[in-house]
Number of protein chains: 2
Amino acid sequence: MADIGARLEEICAGRVLSGDAIGDDYTHDETLGGEPVRPAHVVLPEDADEVAAILKLAAETGTPVTARGSGSGLSGSAVPHPDGILVSFERMNKILEIDTVNHVAVVQPGVTLTELEEATAAVGFVYPVYPGELSASLGGNVNTNAGGMRAIKYGVTRHHVLGLQAALPTGEVIRTGGRFVKASTGYDLTQLIVGSEGTLALVTEAVLKLQPRLAHQATILVPFPDLASVMTAVPKVVGSGLGPLILEYIDALTMGAITYTHDLQLGIPDEIKEKAQAFLVVMLENNSAGRLDEDIETAGELLTELGALDVYSLPGGAARKLVEARENAFYTAKGVGADDIIDTVLPRSSLPEFFTRVLEIAQGNQTLVIGCGHAGDGNVHLAVFQKDPEVRHRVLHELFASGMALGGAISGEHGIGRGKKRHFLELEDPGKIELMRRIKQAFDPQGILNPGVLFD
Amino acid sequence: MADIGARLEEICAGRVLSGDAIGDDYTHDETLGGEPVRPAHVVLPEDADEVAAILKLAAETGTPVTARGSGSGLSGSAVPHPDGILVSFERMNKILEIDTVNHVAVVQPGVTLTELEEATAAVGFVYPVYPGELSASLGGNVNTNAGGMRAIKYGVTRHHVLGLQAALPTGEVIRTGGRFVKASTGYDLTQLIVGSEGTLALVTEAVLKLQPRLAHQATILVPFPDLASVMTAVPKVVGSGLGPLILEYIDALTMGAITYTHDLQLGIPDEIKEKAQAFLVVMLENNSAGRLDEDIETAGELLTELGALDVYSLPGGAARKLVEARENAFYTAKGVGADDIIDTVLPRSSLPEFFTRVLEIAQGNQTLVIGCGHAGDGNVHLAVFQKDPEVRHRVLHELFASGMALGGAISGEHGIGRGKKRHFLELEDPGKIELMRRIKQAFDPQGILNPGVLFD
Ligand SMILES: Cc1cc2nc3c(=O)[nH]c(=O)nc-3n(C[C@H](O)[C@H](O)[C@H](O)COP(=O)(O)OP(=O)(O)OC[C@H]3O[C@@H](n4cnc5c(N)ncnc54)[C@H](O)[C@@H]3O)c2cc1C
Ligand SMILES: Cc1cc2nc3c(=O)[nH]c(=O)nc-3n(C[C@H](O)[C@H](O)[C@H](O)COP(=O)(O)OP(=O)(O)OC[C@H]3O[C@@H](n4cnc5c(N)ncnc54)[C@H](O)[C@@H]3O)c2cc1C
C-alpha cells in the first residue's frame, strides 16, 4: 500500500493522507450504530483529470475506492474500505456558474447546499431540493438521490440533475445530459448515476436545474385527532391544486421531543395538545402576497373539513424554527437514544395500513417506534429504539417487508449503502438484484468502486 | 421460421400473423423516407406472461424482437427486422386503474394518449404530457421518452413514469418503482428503460403520475420582428414565475404553412404579418379565472417590454386549432415535401447562435430548412428539404454537430432509432457509446431486442 500512497502523491501532490494522519471524520458518516473504518489513504483531488487518474491507478492495482462528500449520509455508503482509497471531494467545491438564461447551476461535487442556497438567492433563483442537512454536498445528494420536505412540490434530486461530468472506474471522463430538461439520445446515464451511492462512477461536476425563487411563503400547523385522519387529508391537499411546498406529518411523541429539545413555542392551547395525536405542517408559496393569503385561507378551510382540530398560522420565525427542528429530528432521535432510523417509502394510500402494521410490529417485539415524515410523498421516517441487534434486525426486516408488501420500497431517500444492504438483498426480487449487478459490472468490471455497498 | 410461427401460436393462439397475412401498417412507423420492412411474424400478446414467453422463445432461437405501440414514432425504432418477431401491444390496451389517492394511472402499454385523456378528465386529473400525436401509445411514449409542448411546465414522459412492469430479454418479468415519486433503493431501472427505444426490455405495464386538472387555460399569440428576440424573451418568461404551460415558437414560413393548410384565422392585421418573422405561442393555466386573467395581462406586458410587435389573445377555439395545427406541423411539412425532420435539443441560451448556424448550413448546401419548436426547453424541430441523400446526410450531420458543439444533443424527444443512428454513432463520445453497449448487454446478453436500433 506504501507504493499506492506514493503514486497517489504523484497525482495529488501534498493532498494525500495515509495512516495516522487520517482524521476520525473520514472514518464514518452519520449512520446510527455504524462501525468507523480507517482507509489506507485519503486523497483530495482538485479536478476531473486527477479523479480519473486515481481511478486508473485503483483499477490497475485492484484497490477499492470510496467517494466522500460531507459524510452526512445515513446509509453508511461513504464509509471507506480498510485497504482502500477514500476520495474526498472537499477541494472540488466551486460553483462554476449560475446560469440565469438556462436556469441551471453548474457545480463541483463538493459544493454544499448552504453555499448553493446563497449563490442562487443572490440572483432570484432557487435550487428547490432541501434535504434536511444543509452541510451535505451536491455530490452526496446526487449519489443518494436526496429528497427532503419540498419534494411534494418540486420532486427530489433526481428531478433536478440535468447533466453530469463523471469519471468512470475504467478511467474515462464522460459528460452526460446538459443544460436542457430533456433528451432522447441513447440511455439516460445521468439518471442511472443519480442514486447509485458511489458504486458506478465518481461525479466531478453536476448541472442542476434551478427554479424562480418565489417571494412569499406561509405555514400552518394543523393538529389532528389521529394519524389516520392526517393520512386521509394528505391526498386531498395534494389534489386540490394548491401545490403545497411542504406537507409534513409529525406524530405527537416526535412533536413533543422536537418542541422540547428546540424550546419551540407554537401557541397551541393545552386542550388541543391533549387531543392531538398527529400534526400536519403545510407550507405554501406564491409570488403574490395576496394570493398566498387566499390560498392559506382555502387550505385551512379544506383541512377543517377534513377533520383538523384547529388550524394555526405560524409567524415566519416560528415556522422556520419548526422546519429546522423537524430537519433535525434525526439528531433529536439520536439524542434520546434511537438505535436506528429507517425511511421507507410507500404509496400514500397505504400509509394508514402501514401505521397499523408498525404498531403491531413494535408491540410484538417490545420495541419503541416513533416517527415523522414526508407525508405528501409517502416517505415515512421512523426511529427504532431497540438495543438488541438481532431483535432490531427482525423489527427492521418486518417493517421493510410490510412496506414492500404494500407497494413500497426500502428507502425513499437515504439509500441502501451498507446499513440496509442485508435487508435489500433479503427482500428485493433476485431477478432485479442480478440485473443491477450486471449494470454495476458494465460500469465497473473490476468492482473497485465502493465494494460492499448495495451488494456483497 | 415456420417452427417459430407454430411455437408463437402455442403462446398466443389465434393472435399470430405470418407472411402475407401481415398488413402494411406493421412494416413502418412515421419516419420520413424510412424503408418499410415486413417481419416474419407479428404477435399480439394479452399479458406479461405471454410477452415473457415470447422473449424466452426468441432468446432460445436467437430471433430478433421489435416492440410496436401505435407506430407513430419518428425514429424508425418500431420498424421490425425481416427475420424477426414484431410484438404489437394493441391488445394490451386496458387502463387498469386511475388511482385518485396516489394520483397515478396504471396502464397497459397499448393504451393511447386519447384514451388516457378521457379517463383522467372524468375524475378531475390529467396526464400532463401532451406529445403531438394523441394516437400514440403509452408504451411508445415511455420508450421514446416522448415530450411535447407542455414539457416547459410539467416535464416529459420520464418525469411521469413512476414505475414499470417489464419483461426482460432473459425471460424474467420485473416490477420497478411504484406508486410513489421517489426512492433510493438500488439503481433506477425505471429511468433506464424510459427512452431506451425497445432495446432493453418490453414494457407490459406503467405507473404514471397524474396532476390535478386545472380549470382554466388562456392563450396569447405574440409576433416578433425576428427569431433572435423570441429567443431572448423565452428565458425571461420562464424565469418570471408565471409558470407557462406552453411556450412555443413558430417561424414565419411554418406559420404561413400551418395557417394555410388548416385554414386558421388568427386575426393578425397584414401590417403586423409583414413585419413578423417569428411567433411565440404562450398558454397559461390556473384554477381561478381571475388569476388567469391577471397572469395573461402580466405576460402580455412582459412580452411587449421584450420587443413583441403586439399581443393577441386567442379565443378558446382558435387557440385549440392553432395548437392542433402546430402539433400537425409534421404532416404539414410532409405534405409540402420535407425530406427529413430533426428535433435537436440545446441550452436555451444557444438558440440564437444555433439559428445563425442553421441558416449558414442551409445556404451552404442549397437546402431549405424551416421550423418551429418547444422554445422553452430548447427543442428545435426543423424540416429539411433536400432530395439528394448524400447532401441531406451532410446537412443533418452539420446541424447535429453544431447543436452538440453548442451543448446540445441529437434528439430532444423523437429518439435515435434507425433513422438518426449513423449520426449518433459518428458524433457521440465513443466512451459513452461503449458504456451504453455494455448496459445493453447487461439487459440483453444475446442482443435479441430491436437489433439495429441505436447501435449497429
Ligand atoms: C440531520 C440530518 C438530516 C438529513 N435529512 C435528509 C433529508 O431530508 N433527505 C435526505 O435525502 N437525506 C437527509 N439526510 C442524509 C444526508 O444528508 C444525505 O444522504 C446527503 O445526500 C449526503 O450528502 P453528503 O455530501 O454528506 O454525502 P456522503 O455521506 O459523503 O456520501 C453519500 C454517498 O454519496 C457518495 N458520493 C459522495 N460524493 C460523491 C461523488 N462526487 N461521486 C460519487 N459518489 C459520491 C458516497 O460514496 C456515498 O455513497 C440527513 C442527514 C442528517 C444528518
Ligand atoms: C404528427 C406527429 C406529431 C408528433 N409529435 C410529437 C411530440 O410532440 N413529441 C414527441 O415526443 N413525439 C412526437 N411524435 C412522435 C411519436 O408520436 C412518439 O415518438 C410516440 O412516443 C410514439 O408512440 P407509438 O405508440 O406510436 O410508438 P411506436 O412508434 O410504435 O414505437 C416507438 C418506440 O417504442 C418502442 N415500444 C413501443 N411499445 C413498447 C413497449 N410496450 N415496450 C418496449 N418498447 C416499446 C418501439 O419498439 C419503438 O422503439 C409525433 C408524431 C407524429 C406523427
- [ ] Compare A:S77, B:S18, B:S313 by solvent-accessible area with a 1.4 Å probe and give them largest first, with all protein chains kept in place.
- [x] B:S313, B:S18, A:S77
Open item on the list: Tell me which of B:I220, B:A48, B:A183 sits at the most positive position along the dipole axis of the protein assembly as shown, charges placed on C-beta atoms (Lys, Arg +1; Asp, Glu -1).
Closed with: B:A48
Task: Principal-axis tilt of helix A:289-305 within chain A, Cα atoms, nearest 10 degrees - done: 70 degrees
TODO: Would you mind working out the accessible area per residue for chain A, using a 1.4 Å probe, and quoting it in Å²?
DONE: 36 Å²
Task: Spin-label model distance (nm) - A:D456 vs A:E46, 7 Å beyond Cα toward Cβ - done: 4.4 nm
- [ ] Taking the Cα centre of the range B:369-451 as origin, work out the dipole magnitude from +1 charges on Lys and Arg Cβ and -1 charges on Asp and Glu Cβ, in debye rounded to 20.
- [x] 260 debye
Open item on the list: Starting from a Cα-only point model with no solvent, please compute log10 I(q)/I(0) by Debye for the range B:197-260 at q = 0.14, 0.20, 0.22 1/Å.
Closed with: -0.72, -0.92, -0.99
- [ ] Return one number: the angle in degrees, 0 to 90 and rounded to the nearest 10, between the long axis of the Cα atoms of helix B:351-364 and the longest principal axis of the Cα atoms of chain B.
- [x] 80 degrees
TODO: Mind running the shape call on the protein assembly as shown? Use the C-alpha gyration tensor, a ≥ b ≥ c as the square roots of the eigenvalues: rounded below 1.5 for a/c, prolate if a/b tops b/c, oblate otherwise.
DONE: rounded
- [ ] Quick one: what are the phi-derived ³J(HN,Hα) couplings along the range A:129-138, Karplus 6.51/-1.76/1.60 with θ = phi - 60°, whole Hz, x for glycine and proline?
- [x] 8, 10, x, x, 10, 7, 7, 5, 8, 5
Task: Charge dipole of the protein assembly as shown about the Cα centre (unit charges at C-beta), most positive-ward option of B:G33, A:V123, B:G407 - done: B:G33
- [ ] Please work out how much accessible surface B:L368 shows to a 1.4 Å probe, ignoring ligands, DNA and RNA, in Å² rounded to 10.
- [x] 80 Å²
Open item on the list: Using only protein heavy atoms and a 1.4 Å probe, how much accessible area in total is buried between A and B, to the nearest 100 Å²?
Closed with: 6100 Å²
Task: Over chain A: helical MRE at 222 nm, DSSP H runs n ≥ 4 each giving -39500 (n - 2.57), nearest 500 - done: -11000 deg cm²/dmol
- [ ] Work out, in µm²/s and without decimals, the Stokes-Einstein translational diffusion coefficient of chain B at 25 °C, 0.890 mPa s, Rh from Kirkwood over C-alpha pairs.
- [x] 107 µm²/s
Open item on the list: From the phi angles alone, apply the Karplus equation (6.51, -1.76, 1.60; θ = phi - 60°) to the range A:60-74 and give each ³J(HN,Hα) in whole Hz, x where the residue is Gly or Pro.
Closed with: 4, 9, x, 9, x, 10, 10, 8, 9, x, 9, x, 9, x, 10
TODO: Report which residues of the range A:333-377 become buried by 30 Å² or more of accessible surface when going from the isolated chain to the complete set of protein chains (1.4 Å probe; DNA, RNA and ligands ignored).
DONE: A:V345, A:P347, A:R348, A:S349, A:D377
Open item on the list: On a straight-distance basis, which lysines could pair with A:K321 in a cross-link, Cα separation under 29 angstrom, same-chain partners fewer than 8 positions away excluded?
Closed with: A:K153, A:K209, A:K236, A:K273, A:K275, A:K334, B:K182
Task: Drop in accessible area of at least 40 Å² in the complex versus isolated chain, residues of the range A:417-446, 1.4 Å probe - done: A:K432, A:L435, A:M436, A:R438, A:I439, A:A442
- [ ] Pull out a ≥ b ≥ c, the square roots of the eigenvalues of the alpha-carbon gyration tensor of the range A:297-354, then state rounded if a/c is under 1.5, prolate if not and a/b is larger than b/c, and oblate in the remaining case.
- [x] oblate
Task: Net dipole in debye of chain B [+1 Lys, Arg Cβ; -1 Asp, Glu Cβ; about Cα centre; nearest 20] - done: 720 debye
TODO: Set the Förster distance to 56 Å, then compute FRET efficiency between B:Y260 and B:Q446 from the Cβ-Cβ distance, nearest 0.05.
DONE: 0.65
TODO: May I ask for the equivalent-ellipsoid semi-axes of the range B:216-330, computed as the square root of five times each C-alpha gyration tensor eigenvalue and listed largest first in whole Å?
DONE: 21, 17, 12
Open item on the list: Let me check something: with ligands and nucleic acids excluded, how do B:D47, A:D20 order by accessible area (1.4 Å probe), largest to smallest?
Closed with: A:D20, B:D47
Task: Net charge contributed by nearby residues that have their C-beta within less than 14 Å of A:E294 (K/R +1, D/E -1) - done: -4
Open item on the list: In whole percent, and with a 1.4 Å probe on the protein chains, what portion of the accessible area of the range B:358-419 is carbon and sulfur?
Closed with: 56 percent
TODO: Report ³J(HN,Hα) in whole Hz for each residue of the range B:190-201, in order, from the Karplus equation J = 6.51 cos²θ - 1.76 cosθ + 1.60 where θ = phi - 60°; Gly and Pro get x.
DONE: 3, 5, 6, 6, 4, x, 8, 6, x, 9, 10, 6
Task: Rounded percent of accessible protein surface that carbon and sulfur make up, the range A:68-220, 1.4 Å probe - done: 49 percent
Open item on the list: Could you tell me the calculated FRET efficiency between B:V391 and B:R291, based on Cβ-Cβ distance and R0 = 45 angstrom, to the nearest 0.05?
Closed with: 0.30
Open item on the list: Placing unit charges on C-beta atoms (Lys and Arg positive, Asp and Glu negative, everything else neutral), compute the dipole magnitude of the protein assembly as shown about its Cα centre in debye, rounded to 20.
Closed with: 500 debye
Open item on the list: As a test of reading the structure, rank B:S88, A:S135 by solvent-accessible area (1.4 Å probe, protein chains only), most first.
Closed with: A:S135, B:S88
Task: Prolate/oblate/rounded label for the range B:316-400 (Cα gyration tensor, a/c 1.5) - done: oblate
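The values are calculated or read from the model by the stated rules, or taken from the named source; none is laboratory data. Computed from a predicted structure; not experimentally measured. Cβ atoms come from the backbone with ideal geometry, glycine included; neighbour counts cover every protein chain shown. These area figures cover heavy atoms from the full protein model, side chains too; ligands, DNA and RNA do not enter into them. Shrake-Rupley method; radii C 1.70, N 1.55, O 1.52, S 1.80 Å.
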